[in-house]
Amino acid sequence: MRKTRLALGSLLAAVVVGLSADPVAAQPSASAELINGLNVKLLWIAIPITLLVEGILIYTVVKFRNNDDPSPTKENRRLEITWTIATAVILLFVGVASYGVLADQNVAGPPQAEDASGEPVVVHAEAFQWGWEMSYPEAGNFSTGTEIVVPKDRPVVFEITSRDVIHGFHAPQLGLKQDALPNQVNTIRTVPYEEGTYQGYCSEYCGVSHSQMYFTIEVVSQEEYQGWLDEQQSASEE
Ligand code: CUA
């Protein structure tokens with residue numbers, strides 16, 4: 001019993017240390033940070049549980065392998081109360097952690113009225129069989145084909161829709177995924193943190209050239225974005 005307590009105690013200590021540590025290294029966007037951070041937190045719960053359950057299983061199989069005269073287990077009220085409370089605490093933690101991420105405006109939550117990180121850049125992403133038409137409705141409504149350019153450290157709101165069938169807007173590295181439905185505009189928001197070019201693609205099977213529905217999201221500095229914007233606007237005015 002003492003050994004078991006010791007093992008459970010060290011397992012619990014490892015979980016607490018793991019959860020309080022910085023969950024993930026720098027992430028390319030606010031959405032990716034939330035999603036990957038939650039993934040790491042849940043792993044810190046799942047790994048010890050797996051080790052505990054498999055450990056007990058292996059121990060039991062080895063210890064009782066030659067037992068020809070098994071005796072039934074007696075009721076152990078303390079043990080039953082313990083595992084009921086432990087399960088409740090674990091599920092409560094998982095629930096609170098998950099809903100915290102889901103309710104965030106950078107994942108699936110409603111946009112907050114006050115946005116501390118500035119006026120969002122709005123990108124309209126329209127899917128069709130088989131391609132994308134990206135445009136900037138609040139900056140002259142010019143189109144950029146399959147290329148999205150956004151500044152870093154500023155919120156971006158993607159308005160996602162479709163001209164024909166159901167498609168999916170998916171940029172996995174940035175933690176972005178949203179359905180593109182005809183006659184409906186779905187929004188998704190993030191704040192990009194790192195400059196770079198990120199691959200996006202259609203995530204809903206939509207016909208023979210589904211696999212060709214690529215697009216790119218290029219995250220650049222605010223100055224570079226302003227320069228690019230001026231260029232696009234003067235080009236579309238001509
Ligand atoms: Cu569009 Cu798959």
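The values are calculated or read from the model by the stated rules, or taken from the named source; none is laboratory data. Small disclaimer: the values here were computed from a predicted structure and weren't measured. Please note: Cβ atoms are built from the backbone with ideal geometry, for glycine as well, and neighbour counts cover all protein chains shown. When the accessible area is computed, the model is the full protein with side chains, heavy atoms only, and any ligands, DNA or RNA have been set aside. Shrake-Rupley method; radii C 1.70, N 1.55, O 1.52, S 1.80 Å.
Gln173 is checked against (1) in a strand (DSSP E or B); (2) under 21 Å from Ala25 (Cα atoms) and fails just one. What number does that condition carry?
(1)
Can you tell me which residue among Val53, Val40, Val61 is surrounded by 11 or more Cβ atoms within 10 Å (Cβ to Cβ), not in a loop (DSSP other than H, G, I, E, B) and not assigned by TED's automatic domain parsing to the domain that holds Tyr193?
Numbers: Val53 fails: surrounded by 11 or more Cβ atoms within 10 Å (Cβ to Cβ); Val61 fails: surrounded by 11 or more Cβ atoms within 10 Å (Cβ to Cβ).
Sole residue among the options that is surrounded by 11 or more Cβ atoms within 10 Å (Cβ to Cβ), not in a loop (DSSP other than H, G, I, E, B) and not assigned by TED's automatic domain parsing to the domain that holds Tyr193: Val40.
Please tell me if Ile160 is at pLDDT 95 or above, open to solvent by less than 10 Å² (accessible area, probe 1.4 Å) and away from the ligand (no atom under 16 Å from the Cβ).
Details: at pLDDT 95 or above: yes; open to solvent by less than 10 Å² (accessible area, probe 1.4 Å): yes; away from the ligand (no atom under 16 Å from the Cβ): no.
No: the conditions fail for Ile160.
Restricting the first residue to region 210-233 and requiring it to be farther than 17 Å from Ala125 by Cβ and of a type in the set (Gly, Ala, Ser), which pairs with a second residue that is open to solvent by 50 Å² or more (accessible area, probe 1.4 Å) and away from the ligand (no atom under 16 Å from the Cβ) meet a Cβ separation below 8 Å and a spacing of at least six or different chains?
Pairs that qualify, where the first residue is farther than 17 Å from Ala125 by Cβ and of a type in the set (Gly, Ala, Ser) and the partner is open to solvent by 50 Å² or more (accessible area, probe 1.4 Å) and away from the ligand (no atom under 16 Å from the Cβ), are Ser221/Lys152; Ser221/Glu195.
Kindly indicate which of Val107, Val123 is surrounded by 18 or more Cβ atoms within 10 Å (Cβ to Cβ), among the hydrophobic types (A, V, I, L, M, F, W, C) and not assigned by TED's automatic domain parsing to the domain that holds Gln212. It would help to see each step written out before you state the result.
Numbers: Val123 fails: not assigned by TED's automatic domain parsing to the domain that holds Gln212.
Result of the check over Val107, Val123: Val107.
Could you check, for region 186-193, whether at least one of its residues is within 15 Å of the ligand (Cβ to nearest atom) and either open to solvent by 40 Å² or more (accessible area, probe 1.4 Å) or at negative phi (or both)? Steps first, answer last, please.
Step one: filter region 186-193 for residues within 15 Å of the ligand (Cβ to nearest atom), giving 186.
Of the ones still in play, those that are also either open to solvent by 40 Å² or more (accessible area, probe 1.4 Å) or at negative phi (or both) are 186.
Looking through region 186-193, at least one residue is within 15 Å of the ligand (Cβ to nearest atom) and either open to solvent by 40 Å² or more (accessible area, probe 1.4 Å) or at negative phi (or both).
Given (1) in the same structural domain as Leu229 (by TED's automatic domain parsing); (2) open to solvent by 100 Å² or more (accessible area, probe 1.4 Å), where does Leu92 come up short, assuming only one miss?
(1)
Of these, Gly200, Gly207, which one is open to solvent by less than 30 Å² (accessible area, probe 1.4 Å), in a loop (DSSP other than H, G, I, E, B) and either within 16 Å of the ligand (Cβ to nearest atom) or not assigned by TED's automatic domain parsing to the domain that holds Leu38 (or both)?
On the way: Gly200 fails: in a loop (DSSP other than H, G, I, E, B).
Of the residues listed, the single one that is open to solvent by less than 30 Å² (accessible area, probe 1.4 Å), in a loop (DSSP other than H, G, I, E, B) and either within 16 Å of the ligand (Cβ to nearest atom) or not assigned by TED's automatic domain parsing to the domain that holds Leu38 (or both) is Gly207.
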